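Shown next, in structure tokens, is the structure this report addresses.
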Amino acid sequence: MPLPDPTEKRMEVLTERIGQRDEPSGKRKDYADNLWKNEGDVKESLRDVLRRMAPGILGCCMYCGSTTGSDIEHFEPRESSPLQTFRWTNHLLACGPCNSKYKGTWWECDAETGEPLLIDPTRDDPFAHLFLDLRNGIYRSPTVKGKTTIKVLGLNLDERQFPVARQLARKNAWQVLRNWSRARYDDDKNGMRDALDVLRLYPFADVWQAMLRQAVMPGADIIMRDEPPWALALLRDEELRAATLVEFPVSVIPATNH
Ligand SMILES: [Zn+2]
């Protein structure tokens, strides 16, 4: 993934330096900690690129989709793996609660495969593990990785208020979708573009992505029977899907697109 050259080079140097420190004594961890605290330019550059990655556009959290993706999160915690402190592929953008309170230093892998038990949107397709019940905003999962992710990050917890927020995001999406359809009928290009921006970039963008996916699933008419009757055909519209469907794992998108 493209990081600015100077940042990439600096991170390679820092990783090499961390690797030269003695690990069993804890010096490696302390050294990595210290570097992480002091490398302000590297962190700024990382944050800038992470913000441009879908669906973290507009700085949303890549775990929960809420508005405040303010922290650079180490997917594999630097506390237990100091060598991962400056590895680009180990960084995500997260909100404060996901980063500190819920995930924190949690880290577990499958005993047999060694695969992390948490969804990483830069390596996994979250929708292979998570199914959103649109009626109540609750995530369900058929996989261990999905179930663990829901639990560790508290994705369905009342205290996080995500189910309510997702239901509002869904209602908002229907309104915006109606606006988009109207703007297309009126040949109002600006109106169409505005609506597409909201659908793609609005917080809890995972709800819109779930709606797009469920609309083309086998049995969609039954799965989405509580949605507005006019909506299913629109969700299957090729123009709309091409403009707003995000493929996973996510990749960096050009800055000029937003
Ligand atoms: Zn979050």
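The values are calculated or read from the model by the stated rules, or taken from the named source; none is laboratory data. Note that the coordinates shown come from a computational prediction; the quantities given were computed from them, not determined experimentally. As a convention, Cβ positions derive from the backbone with ideal geometry for all residues, glycine included, and neighbour counts pool all protein chains shown.
Annotations for the structure displayed:
- Residue pairs meeting the criteria (Cβ under 6 Å; at least 6 apart or on separate chains; first over 13 Å from Cys61 (Cα atoms) and touching a residue at least 60 places away in the same chain (Cβ under 8 Å), in the stretch 82-107; second outside any loop (DSSP other than H, G, I, E, B) and within 15 Å of the ligand (Cβ to nearest atom)): none
- In the stretch 24-32 there is no residue matching the filter, namely being away from the ligand (no atom under 16 Å from the Cβ) and under 26 Å from Phe127 (Cα atoms).
- Breaking point among (1) surrounded by fewer than 19 Cβ atoms within 10 Å (Cβ to Cβ); (2) part of a helix (DSSP H, G or I), for Leu199: (1)
- Qualifying residue in the stretch 195-202 (condition: more than 18 Å from Leu245 (Cβ to Cβ) and in the same structural domain as Arg241 (by TED's automatic domain parsing)): no
- Considering each residue of the stretch 180-188 in turn, none proves to be touching a Leu at 6+ places or on another chain (Cβ under 9 Å), over 30 Å from Tyr102 (Cα atoms) and of a type in the set (Asp, Glu).
- Considering residues of the stretch 59-111 that are within 12 Å of the ligand (Cβ to nearest atom), among the hydroxyl-bearing types (Ser, Thr, Tyr) and crowded, with 17+ Cβ neighbours inside 10 Å only, the residue farthest from the chain's Cα centre (by Cα): Tyr102
- Scan of the stretch 137-164 for residues that are in contact with a Pro (Cβ under 7 Å, 6 or more places away or on another chain) and assigned to a loop (DSSP other than H, G, I, E, B), ordered by number: Gly137, Asn156
- Scanning the stretch 115-149 for residues that are of a type in the set (D, E, K, R), touching a residue at least 12 places away in the same chain (Cβ under 8 Å) and either touching a Gly at 6+ places or on another chain (Cβ under 6 Å) or surrounded by 16 or more Cβ atoms within 10 Å (Cβ to Cβ) (or both) returns Asp120, Asp124, Lys145.
- Leading residue by the ranking (surrounded by the fewest Cβ atoms within 10 Å (Cβ to Cβ)) among those in the stretch 164-191 that are among the acidic types (Asp, Glu) and farther than 19 Å from Ala231 by Cα: Asp187
- Filtered by the rule that a residue be in contact with an Asp or Glu (Cβ under 9 Å, 6 or more places away or on another chain) and away from the ligand (no atom under 16 Å from the Cβ), the stretch 134-147 gives Leu134, Arg135, Arg140, Val144, Lys145.
- Of the residues making up the stretch 6-38, those that are within 30 Å of Ala205 (Cβ to Cβ) and either without any contact (Cβ under 8 Å) to a residue 60 or more places away in the chain or loosely packed, with under 14 Cβ neighbours inside 10 Å (or both) are Thr7, Trp36.
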